[in-house]
Every structure is written in C-alpha cells, then in structure tokens.
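Participant: What follows is a single structure, and I will ask about it in a moment.
The values are calculated or read from the model by the stated rules, or taken from the named source; none is laboratory data. Predicted model, so just to flag it, every value in this text is computed and none were measured. Virtual Cβ from ideal backbone geometry, glycine too; neighbours counted across all protein chains shown. When the accessible area is computed, the model is the full protein with side chains, heavy atoms only, and any ligands, DNA or RNA have been set aside. Shrake-Rupley method; radii C 1.70, N 1.55, O 1.52, S 1.80 Å.
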Amino acid sequence: MQPGAHTDILSSMEETDKKPEISWFRKKYGITVGDLPPTIAYFSAEFGIHESLKIYSGGLGILAGDHLKSASDLGLPLVAVGLFYHQGYFNQSINESGHQEEVYLDNEPKKIPIEQCTDDVKKPLCIIIPINKDLVSAYIWKVQVGRVSLYLLDSNHEANKPEYRAITDTLYGGDKEKRLCQEMVLGIGGVRALQALGYNNCIYHMNEGHSAFLVLEVIRSLMNTKNYSFKEAKTACARLCTFTTHTPVPAGHDTFNEKLIEDHFVEYLKELGISLNEFMALGKINESDPQENFNMTVCALRSAQFCNGVSKLHGKTSRQMWMKLFPEKTEDQVPIISITNGVHHPTWMGRPMQELLNKHLTPEWTKNPAEFASRSTIETIPDESFSKVRVKMKEALMQYIEKTHNLILNPEYLTIGFARRFATYKRAGLLLQDSEQLLKLLTNTEHPLQIIYAGKAHPKDAKGKMLIHMITSFIKEHNLKTKMIFLENYDISMAKFLVAGVDMWLNNPLRPQEASGTSGMKVAFNGGLNASISDGWWEEAYNGKNGWIIGTPKEYKTIEEQNKEEAKSIYTLLETQILPLYYNQASAFPHTWISMNKEALASVCHYFSTHRMIQEYCDKAYVPLMKEVTKVCHSREGGNPETKFNKTGSPPSRE
Ligand SMILES: *Cc1c(COP(=O)(O)O)cnc(C)c1O
C-alpha cells in the first residue's frame, strides 16, 4: 500500500480523525443509538475519490466521490456500491504528432488503499450473478472513505470463463454486450453483495441509469421473502428507490436490444419468474412497441419513487424529455425534481484558502459553509490577505506545470483554464473558432494572456480526439508554447492545482447539455472567476458580480451559427471586460478584480457544496424513503428477509 495515498484520502475528510460526535444527520432527524436506521445504498458505475484509485472518468465519478465524502462528514448511514475495474480508465499521453494515446495500467490492490472482503473464517466473500446460461462469480473489495464504506465488485475470479473475468477490467471500455454485463454485475451483483455483507435493510440511490438492474434484484428478493407477485414487488421496490439522472440528451442513455437482453437474462428471468415481454416493458416508453430497446433510464424512472435532475434547468429539461412516460401528466407535473450538484469543499479548496478562512471565520465554516461562510463574513477578509492567497495558489500551479510538464508560464499573466472530458458537446475547440481573433489576444503584449487545456477524450470518441489534436497542432503551428498549453493526463490531482490556481475558468458547452457541471464550482470555492455559457449550475450561480455569461441563452438555427456567435462573445468579453479589469493596476493591485474573487467565493459557499446537496437528498428523498422502508421491510408476514438468503446471496433454489 502507498501510505501517502491512504492518508490523502483521509486528510481530505475534515472530521474523520476526530472522536465521534453527534452527527448532523442524527441531530437533524433525531435517530438515537440502538435505533438502526435503514442503510442508504448509493450505486454508481464510477467513483472519483482520489487519483490513486483510477475508477473514474469525469464529472459523474467526481460527484459520486464528493457525495460519499460529504455523507461521511454529515454522518449519514450510507454505503456505496461500484465496480473494481482492474485497469480502470486509461492514462493519456500526447504523441509527437499531437494525438492522444491510451495506456491502461493495473490498479494493483497491493498499492492502493483497498481490501478484500472476507467471511467469518477469512475466506474471500464471493457472490454469484446469472449471466447467459452461466453463473458468474464476483469478489467484493472495500475502500474506506472516511466513515463511508465503498464496496467494489470484481468479476476477475478464477472460477469464471475468461470473457467473464474481463467484465470488470476497464471503465466504459468494450462493446454493448460488455456494458450490459457490467451493469448486471453492478445492479444485480451489488444488491447480492450488500446482502452477503449483512445489509438487509436498505434504500437504494441509483446515480445515473447504469445501476438500474438493481431494481430487478430488489423485486426478486421481495417476491421470495414476502410472497409478493411481481406487480406487488414492483410497487414495493419503488418505495425503496431514488434515481438521479444526469444526461439531458436522448442518445446519452444506455439501451439494449431485445436479443441481447434475452440472451443475457435467460437464467435470471427464470429466477424472477417473469416473461421477456414483462421484463422489456420495464425499460420501454411504449410497452407494446416490439422495436423499442430496453432503456436503463426508463427502467430507473419507472422503478423509483423519487427522481431528480442535477440543476434547476436540467430538472426542467428532464421533465420535457420524459413527459411521454407520464402521459396523464402535464410537463410541470412530471415527477422529476431537481437537486443541484455541489462539490466537497474540503477536497477542492486549496490549503492556503482554507487556512485563510480558518483565520477569519468561525471554525464551523467547514462543517456548514451555508451558515458560516456567508457573504458578510467573507467580506471581513482584507483584500491584501485574499490577494496573497490567490497569488500563492497560482504560483503553486505554475510550479506544478513546470515540474510535471517542463513548461514555464508567467504567474503575472491572466491565466485561463479549460479542463474536463473532451466530450464534443463541451466544445473544447470553441476558442479556436476564429484563429485570427485568438492569435490577436494571445500576442497582445499590453494585456498578456495564457491558456491551459487538459482533458481526456473517450478512446472511441474520434471527434473528441480530433479536438485534442486541433489544439495541440494549433500550439505547434503558431509556436505558442509559452502562451497556450495542453497538459496530458488530466486527473484529480491536476484538477486540484488547476481549479485553485487559474484566474478564470472557461466553460462553453452547448446549452442545455451541461446538466450541471461542477468544475466551475471548484474554481469559485478558491475565489476564481467563471466565464460560462448560462447552462447547468451557472444559470443559478451567476449574479452579475462573480464572473461572466457567454452569449445569451437563446435558440440558434444552426450549430455553426451558434459556435460563431458564442466564440465571438468570448473574444469580446476578454478584450473589452476581462483583460482590462485584470490589468487595471491603478492602485497597488486590482481591487475590482479582488472584490469579484471574494464575491465568487461568497456566492458559491452558501450553496454549491455537496454538504447542502446531501442535506437536500436527505430532506427530499432519503428520509421520506427511510420512513417507507419501515413499512415495506419490517412487516414480517412474508418472512424475514435475512433468513432466506445464504452467504452468497443466491436464491434458495440454487443452494
Ligand atoms: C471536477 C472534475 C470534472 C468535471 O468537470 P466538468 O467541467 O464539470 O465536466 C472532470 N474531471 C475531473 C478530474 C474533475 O476534477
């Protein structure tokens, strides 16, 4: 084990080392010792907790990681379930000709803070998932994230055929069939793993549709233990489930055709005792359409009592998108609410900024930023001290870049950051739309500017890879090595330096496709400024004093026209507002800029942390479901769920 890695995970958890005190959760909901509340089981295909554990690809995973960290800080009875990808997500390098290359490195259990789950006699725990006509075995690993246990399933088991051993080898790798198998292991295997580990009283949170098969296993378990019919069990299951959707475009949702489902679920359907048609109906909008594929999001929406999008705008987009699932309801009545994302502030705020706030605010600010990091308290920090901290974090970024990439930037210059997955809707190439305009800005010696890019394109996303090549070749062609750089292998550790050290963060997605976005929040938590399309979180956060809006949120006839106009809006903003303001050094330093920095911090602290987000999930979903679970699971007329399963969680018929 790398001792460093382990301590880092813990050191980002503010309260972990201290003696247990009465947690926020217990205080608020009055759950007393001896009272065993149901466990919240949080399922996600990826988790971004620390750079040493490469089981994340981007924002979805980071959000899941931050969810666990805040749940730990606030004392929620929560466990998490994911997959242990042996090779995780790829490491990125940029070759001589400026193209992305992918290298997969093993997540070696011995070198990362992870341990295998065992039974009473120290034998590795193993669960069984029926896939095709076979029984696939999976081990369970545990990562401790503060007080929260994260369980990861691993199909690399000696008893499995090679193709099954490979199910959990990489994140988002492989074809449809592999994705289906991964999602069977995550959903069905995940519920079985929880039972094998003794979590018999759970409510379930599906973070995105990947884990939606979990409802099948919950239904099956309710049918077995309570003699419910499929229909009754389905209704009861919904009362245990909450679902968060993240994808505002129809093409972004996992779907599987009937043949694929039939082949892979042939054995499982027998266990469930339902027909293929009944099964397919769960994942279709129009149940009687034989052509329609099984859609994981539809399955989750149909099977969860609470559903939400991840920003106000995304909630609305989702209600529009899924109206057809609720034909009797008007758009406003579609039962998808919104809970805006946040970030775990102790993870993403640079040390110097945390120390500054520790000095000027009451110590409670980390535990409850909404209350104790208010605008009025942040205003009491002297501009000079604030500015010093900003400079310190910027210099740390420049040193990091020099050390890791051997590139030298100037800490005096206005520094723009753009780093995230290179998915096409995020338009990483927008600034290059008019290369003449961009070059003019980059070569201006009176108001110098430097730009840092970073991000991975999915190995199969040719367009995303093209964008990387476009940026790297633009740099080469115009010899911009000291003005515009592309940092290879974006990950959590690089992100921490970037979000703390840049002056301005650029975010220019195609509205409304950025469901929330969280990287800009991390920047604002460090006092950095955002220039962003009015999409996702920024539509809620922008207040005229904490950054800039790019373009206007309107409909365009073509994407070309939209790209052109929005790129122009960025050039104009930079030239007429951002650069002059930054270089307005009439006094010792730019007071207006600093006041915007402080405003950025004040306007995110009170709202955009995962602490606030978790509190909302508790109020709106978890606690209402917990009250239901008492009704669903504690009525014992159908038998005790604990006694009907053996250690492996497989059904009695297979013992
Ligand atoms: C925060 C974060 C993201 C998410 O960025 P968005 O701009 O919200 O898409 C992706 N990757 C890493 C490493 C991050 O830290």
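Participant: Filter the stretch 606-648 for residues that are at pLDDT below 95 and of a type in the set (Lys, Arg); which is nearest to Leu197 (Cα to Cα)?
Facilitator: Lys647
Participant: In the stretch 508-518, is there at least one residue being under 25 Å from Lys54 (Cα atoms), touching a Phe, Trp or Tyr at 6+ places or on another chain (Cβ under 6 Å) and either of a type in the set (Val, Ile, Thr) or within 14 Å of the ligand (Cβ to nearest atom) (or both)? Give the steps one after another, and end with the answer.
Facilitator: At the first step, the residues of the stretch 508-518 found to be under 25 Å from Lys54 (Cα atoms) are 514-518.
Then drop every residue that is not touching a Phe, Trp or Tyr at 6+ places or on another chain (Cβ under 6 Å), which leaves 516-517.
Add one more test, that the residue is either of a type in the set (Val, Ile, Thr) or within 14 Å of the ligand (Cβ to nearest atom) (or both), and what stays is 516-517.
Yes, the conditions are met somewhere in the stretch 508-518.
Participant: Further, regarding this structure: Report, ordered by the first and then the second residue, all pairs with beta carbons closer than 6 Å, sequence separation of six or more or different chains, a first member in the stretch 407-424 that is in contact (Cβ under 8 Å) with a residue 60 or more places away in the chain and over 8 Å from Ile452 (Cβ atoms), and a second member that is more than 10 Å from the ligand (Cβ to nearest atom) and of a type in the set (Ser, Thr, Tyr).
Facilitator: Final answer for the pair search is Leu414/Tyr582.
Participant: Test each condition in (1) open to solvent by 50 Å² or more (accessible area, probe 1.4 Å); (2) modelled with pLDDT of 95 or more for Tyr400 and report the one that comes out false.
Facilitator: Checking Tyr400 against (1) open to solvent by 50 Å² or more (accessible area, probe 1.4 Å); (2) modelled with pLDDT of 95 or more, the one that fails is (1).
Participant: Any idea which of Ala600, Ala567 is farther than 25 Å from Arg375 by Cα, open to solvent by less than 20 Å² (accessible area, probe 1.4 Å) and at pLDDT 95 or above? Reasoning before the result, please.
Facilitator: Working: Ala600 fails: farther than 25 Å from Arg375 by Cα.
Criteria check complete, one pass: Ala567.
Participant: Here is a further query. Confirm whether Lys522 is modelled with pLDDT of 95 or more and either open to solvent by less than 20 Å² (accessible area, probe 1.4 Å) or in the same structural domain as Ile570 (by TED's automatic domain parsing) (or both). Steps first, please.
Facilitator: Numbers: modelled with pLDDT of 95 or more: yes; either open to solvent by less than 20 Å² (accessible area, probe 1.4 Å) or in the same structural domain as Ile570 (by TED's automatic domain parsing) (or both): yes.
Answer is yes for this residue.
Participant: Still on this structure: Examine the stretch 114-133 for a residue that is closer than 21 Å to Pro38 by Cα and surrounded by fewer than 24 Cβ atoms within 10 Å (Cβ to Cβ), and state whether such a residue exists.
Facilitator: Step one: list which residues in the stretch 114-133 are closer than 21 Å to Pro38 by Cα, which gives none.
Within the stretch 114-133 (the criterion being closer than 21 Å to Pro38 by Cα and surrounded by fewer than 24 Cβ atoms within 10 Å (Cβ to Cβ)), the answer is no, since none of the residues qualifies.
Participant: With (1) surrounded by 20 or more Cβ atoms within 10 Å (Cβ to Cβ); (2) out of contact with any strand residue (DSSP E or B) (no Cβ under 6 Å at 6 or more places or on another chain) as the list, and Asp154 as the residue in question, which single condition is left unmet?
Facilitator: (2)
Participant: Another question, if that's okay. Among the residues of the stretch 417-440, count how many are more than 24 Å from Gly48 (Cα to Cα) and within 16 Å of the ligand (Cβ to nearest atom). Full working, then the answer.
Facilitator: To start, the set of residues in the stretch 417-440 that are more than 24 Å from Gly48 (Cα to Cα) comprises 429-440.
Then keep just the ones that are within 16 Å of the ligand (Cβ to nearest atom); that gives 429-431.
Final tally of qualifying residues: 3.
Participant: I've got another one for you. Across the stretch 307-322, what is the total count of residues that are open to solvent by less than 50 Å² (accessible area, probe 1.4 Å) and more than 17 Å from the chain's Cα centre (by Cα)?
Facilitator: Just the residues of the stretch 307-322 that are open to solvent by less than 50 Å² (accessible area, probe 1.4 Å), to begin with: 307-311, 313-315, 317-319, 321-322.
Now drop any that are not more than 17 Å from the chain's Cα centre (by Cα), which leaves 313, 317-319, 321-322.
Of the residues in the stretch 307-322, 6 are open to solvent by less than 50 Å² (accessible area, probe 1.4 Å) and more than 17 Å from the chain's Cα centre (by Cα).
Participant: Still on this structure, please answer the following. Provide a single number: the residues in the stretch 439-464 that are among the hydrophobic types (A, V, I, L, M, F, W, C) and either more than 17 Å from Lys476 (Cα to Cα) or part of a helix (DSSP H, G or I) (or both). Give the steps one after another, and end with the answer.
Facilitator: Step one: of the stretch 439-464, the residues among the hydrophobic types (A, V, I, L, M, F, W, C) are 439, 441-442, 449, 451-452, 454, 457, 462.
Within this subset, residues satisfying the condition of being either more than 17 Å from Lys476 (Cα to Cα) or part of a helix (DSSP H, G or I) (or both) are 439, 441-442, 449, 457, 462.
Going through the stretch 439-464 one residue at a time, the tally reaches 6.
Participant: In addition: Since Lys312 meets every condition but one in (1) touching a Ser or Thr at 6+ places or on another chain (Cβ under 9 Å); (2) farther than 27 Å from Gln615 by Cα, which condition does it not meet?
Facilitator: Looking at each condition in turn, Lys312 falls short on (2).
Participant: Looking at Asn526, Asn543, Asn530, which is the one that is touching a strand residue (DSSP E or B) at 6+ places or on another chain (Cβ under 6 Å), of a type in the set (S, T, N, Q) and either more than 14 Å from the ligand (Cβ to nearest atom) or under 22 Å from Ala602 (Cβ atoms) (or both)? Spell out how you get there, then give the answer.
Facilitator: Numbers: Asn526 fails: touching a strand residue (DSSP E or B) at 6+ places or on another chain (Cβ under 6 Å); Asn543 fails: touching a strand residue (DSSP E or B) at 6+ places or on another chain (Cβ under 6 Å).
Just a single option satisfies the conditions, and that option is Asn530.
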